Amino acid sequence: MDKIVIKGGKPLKGAVKISGAKNAVLPMMAATLLAEGRFEIRNVPDLRDVKTMAHLLRIIGAKVAFAESRLVIDTSDCGFYEAPYELVKTMRASIYVLGPLLARYGQARVSLPGGCAIGPRPVDLHLKGMEDLKATVVLDKGYIVAKARKLRGSSVSFDVSSVGATGNVLMASVLAEGRTVINNAAREPEISALAEFLVKMGAEIEGIGSGQLRIHGVSKLEPVSFDVIPDRIETGTFMIAAAITGGEVEIQKTDPKLVASLTSKMRMANVMVEEGESVIFCKAPERLKPTNVTTSVYPGFPTDLQAQWMTLMCLADGSSVIQETIFFDRFAHVAELRRLGAQIQVNENVSIVTGVGKLIGATVMSSDLRASACLILAGLIAQGRTDVLRIYHLDRGYEKIESKLVGLGANTWREEGSS
Ligand code: EPZ
């Protein structure tokens, strides 16, 4: 298993280009199953999760080619309606094929996702949504087995706003008979991008970006070409990297609107943030002001930036409170940050971070994608050498992160095949 080594203490300077959004391209890839033919999806990040979804589509019968950030997917010969455990256990987002397979082929057999390091992640809302659209759903030996001769439009209301369940029900409803209304729908930009992708395929969707989606089922959809939105979590990670290293960085090929909640917190922490059309310029302050954060659904502060924000607050001039409201147990990174000398108390889903003058390099272990990003950030400022182990987590969601960091002046490299 590879590790990343970082010699900390260098302020990041220069420009970095942001890749396409992982959490937008994964449901789009699944959505290609809703139509027959050749799709072209551009600005696609070269990530392990993209390769896993491509592998799943090939198992279902699609032809998938990926080169230079461009995916070509041909769904003409799909005929196998199953997402096997071997794949789903490596990537929960595999569940996104449930809605499209059910809508297009009237049947789907999808392994139930297993446990996750960031906390309990049930899929009950996905299943309830399919049943609301008049599918029969049973669990059989760890598999979701769903059937429907023809899905029928209906009103679907979620107790909690779920990105995944909204995406799955949205994809199932576009070919259903009649009208579907999804209440308390997720407003995340990745779901709005999925909805735009479906509209381009010929779907009829109103209320995109609002908490209520209204879908009129159609009988047929067409393959399209589409550009994936920038990755707002990668954008936020590099904004924090600039601030935490005392640097100044221009973040390019992004969209400032997507990180508005982070930008306001950065400014409260004294970080200078300037926005252009598709660029963001971040300059670190002399003194980082402690700033509290509570994660919430979009457009609130994203849970996928909570760990990175915590690392920043380790260097703030005082104490800050970080409350996690989406994944209550999402604090696996705290113990690793403490190994670098951080002072963090955790009580249920609330953590209090007391700023320290410095962190000291050590060997740390990644537990999940965003935790690994926060450890990389910590390594950039820690004195001496930091070894971040198990970075296969990082490769799931960050394209070529160490070469992007080296491009900004960081002293970091990857070491293959260590523990
Ligand atoms: C998506 O996960 C993202 N993953 C996650 O990013 C992100 O953290 C999360 O949304 C929240 O923003 C992808 O897009 C592939 P949810 P998802 O359904 O869809 C509860 C990353 O780092 N819930 O919005 O799984 C759930 O337990 C990943 O890129 C139910 O109770 O998240 C959680 O508390 C990590 N029942 C809340 O809803 C359900 O059926 C939000 O989860 C579904 C969810």
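The values are calculated or read from the model by the stated rules, or taken from the named source; none is laboratory data. The shown structure was predicted, so the numbers you read here are calculated from the model rather than taken from an experiment. Glycine gets a Cβ as well: all are built from the backbone with ideal geometry, and neighbour counts include every protein chain shown. Remember, those area values only see protein heavy atoms, side chains included, never the ligands or the DNA or RNA. Shrake-Rupley method; radii C 1.70, N 1.55, O 1.52, S 1.80 Å.
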Taking only Cα atoms of the range 236-282, radius of gyration then Dmax in Å: 9.4, 25
How big, on average over all directions, is the shadow cast by the Cα convex hull of the range 348-419, in nm²? 6.0
With both partners inside the range 1-115, how many of the DSSP beta bridges are antiparallel, as a percent to the nearest 5? 85
Kirkwood Rh in Å, taken over the range 322-390 so that all alpha-carbon pairs contribute: 12.3
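Calculate the tail of P(r) for the range 115-159: the fraction of all Cα-Cα distances greater than 13 Å, expressed in %.
60
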Can you tell me the order of 88-95, 273-280 when each peptide is scored by its average per-residue count of other Cβ atoms within 10 angstrom, highest first? 88-95, 273-280
By how many degrees, 0 to 90 and rounded to 10, does the Cα axis of helix 48-60 deviate from the longest principal axis of the chain? 10
Taking +1 at the Cβ of each Lys and Arg and -1 at the Cβ of each Asp and Glu, which of 72, 276, 139 sits farthest along the dipole of the chain towards its positive end, judged by Cα position relative to the Cα centre? 139
Pull out a ≥ b ≥ c, the square roots of the eigenvalues of the alpha-carbon gyration tensor of the range 87-192, then state rounded if a/c is under 1.5, prolate if not and a/b is larger than b/c, and oblate in the remaining case. oblate
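Would you work out if the range 36-79 is rounded, prolate or oblate? Take a ≥ b ≥ c from the square roots of the eigenvalues of the alpha-carbon gyration tensor; rounded if a/c is under 1.5, else prolate when a/b is larger than b/c, oblate otherwise.
oblate
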Does the chain classify as rounded, prolate or oblate by the C-alpha gyration tensor (a ≥ b ≥ c root eigenvalues; a/c under 1.5 gives rounded; else a/b over b/c gives prolate, otherwise oblate)? prolate
On a 0 to 90° scale, report how tilted helix 369-381 is relative to the longest principal axis of the chain, with both axes built from alpha carbons and the result rounded to the nearest 10. 20
For the range 82-137, state what percent of all Cα-Cα pairs lands in each successive 5 Å bin, counting from 0 Å until the bin that includes the largest distance. 4, 19, 29, 25, 15, 6, 2
Under 20 Å from residue 141, Cα to Cα: aspartates and glutamates that are on another chain or at least 8 residues apart: 82, 86, 124, 131
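Restricting everything to alpha-carbon atoms, can you work out Rg to Rh for the range 10-114 with a Kirkwood hydrodynamic radius?
Here Rg/Rh amounts to 1.05.
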How much mean residue ellipticity at 222 nm does the chain get from its helices, if each DSSP H run of length 4 or more adds -39500 (n - 2.57) and you divide by all residues, to the nearest 500 deg cm²/dmol? -9000 deg cm²/dmol
Calculate how steeply helix 22-31 sits against the longest principal axis of the alpha-carbon atoms of the chain, using the helix alpha-carbon long axis, and give the answer as 0 to 90 degrees to the nearest 10. 10
Using DSSP, restrict attention to beta bridges with both residues in the chain and report what percent are antiparallel, rounded to the nearest 5. 75
When the convex hull of its Cα atoms is projected in every direction, mean area for the range 198-251 (nm²): 5.7
Ignoring everything but the protein chains, give the 1.4 Å probe accessible area of residue 344 in square angstrom, nearest 10. 10
Work out Dmax and Rg for the range 146-297 from the C-alpha atoms and quote the Rg first, both in angstrom. 19.4, 64
Could you tell me the accessible area of residue 33 in Å² (1.4 Å probe, neighbours in place), rounded to the nearest ten? 0
When the distances between all Cα atoms of the range 238-327 are binned every 10 Å from zero, what whole-number percent does each bin get? 18, 52, 28, 2
